[in-house]
Amino acid sequence: MFSICRPPHQISLMIPRGPVVVRVGLGARFSAQRRLGALVAPGVQGGRTFFSTPEPEVQTFKIRKMLGYSPELMYKVISEVEMYSMFVPYCTKCEVAKRDPGTGLPDVVRLHVGWNQFTESFESKVKFDDSTVTAEAHDTHIFDTLYTKWAVSSIKGQESKCLVDFTLKFAFKNPIYGMAAKSFGPSISTTMVKAFQERAANLTNLEK
């Protein structure tokens, strides 16, 4: 979702124990080269540097929505992860890397996502329950945390409708991306739910 087009600026700082080069760019990448001695804070032992990377902030977004489709249909749409590239925004490909030997359901999937010049692929551990589908990503260069949960529940007396609860948790490894995500996180959640809703509508039309 992000592309870095300009090279980072270089700022050279002179201190008594040697020059430190700090590279500052959009990616918030800092590198320090120490030629003589260790750069430590006064009175601090163990070689702690002045430069510390903040812990990634986990952001959580939740949506609950009543949809005009049966719980069975919505669960089918959500659980068919192999079909995600057909309707999930920014998902260009979804491969099943491993299946559960007992159920035959996907156990690990590999997602490929792309937007403009940004591309990324990563694996997610998928878990299926009677009414929930969860996915937790690992082996990703962009995210420190990426977790989604879908929960589908029936509505008493309204068999053709259901309640869908969608939870999205993520934390970027890059703190600058994390700050930017606070503004567009809610819209991503809304877009995701809308995409699955439209997929259900398309399947309903095909069955007519």
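The values are calculated or read from the model by the stated rules, or taken from the named source; none is laboratory data. Here the structure is a predicted model, which means the values were calculated and not measured. Glycine gets a Cβ as well: all are built from the backbone with ideal geometry, and neighbour counts include every protein chain shown.
How many residues, within the stretch 143-155, are buried (at least 17 other Cβ atoms within 10 Å of the Cβ), closer than 14 Å to residue 64 by Cα and of a type in the set (S, T, N, Q)? The number of residues fulfilling the criteria is 1. Looking at this structure, is residue 81 farther than 28 Å from residue 179 by Cβ, surrounded by 17 or more Cβ atoms within 10 Å (Cβ to Cβ) and either touching a helix residue (DSSP H, G or I) at 6+ places or on another chain (Cβ under 8 Å) or among the polar types (S, T, N, Q) (or both)? So residue 81 fails the test. Scanning the stretch 179-202 for residues that are among the hydrophobic types (A, V, I, L, M, F, W, C), farther than 19 Å from residue 61 by Cβ and surrounded by fewer than 16 Cβ atoms within 10 Å (Cβ to Cβ) turns up just one, 201.
It is to be established whether one or more residues within the stretch 156-178 are surrounded by 16 or more Cβ atoms within 10 Å (Cβ to Cβ), hydrophobic (A, V, I, L, M, F, W, C) and closer than 18 Å to residue 92 by Cα. Checked against the condition, which is being surrounded by 16 or more Cβ atoms within 10 Å (Cβ to Cβ), hydrophobic (A, V, I, L, M, F, W, C) and closer than 18 Å to residue 92 by Cα, the stretch 156-178 yields no hits at all. The strands (runs of 3 or more DSSP E) found entirely in the stretch 92-202 that carry 2 or more residues being under 24 Å from residue 76 (Cα atoms), in contact (Cβ under 8 Å) with a residue 40 or more places away in the chain and among the β-branched types (Val, Ile, Thr) are 143-155, 158-172. For the stretch 161-190, a residue qualifies if it is hydroxyl-bearing (Ser, Thr, Tyr) and at pLDDT 95 or above, and exactly one does: 167.
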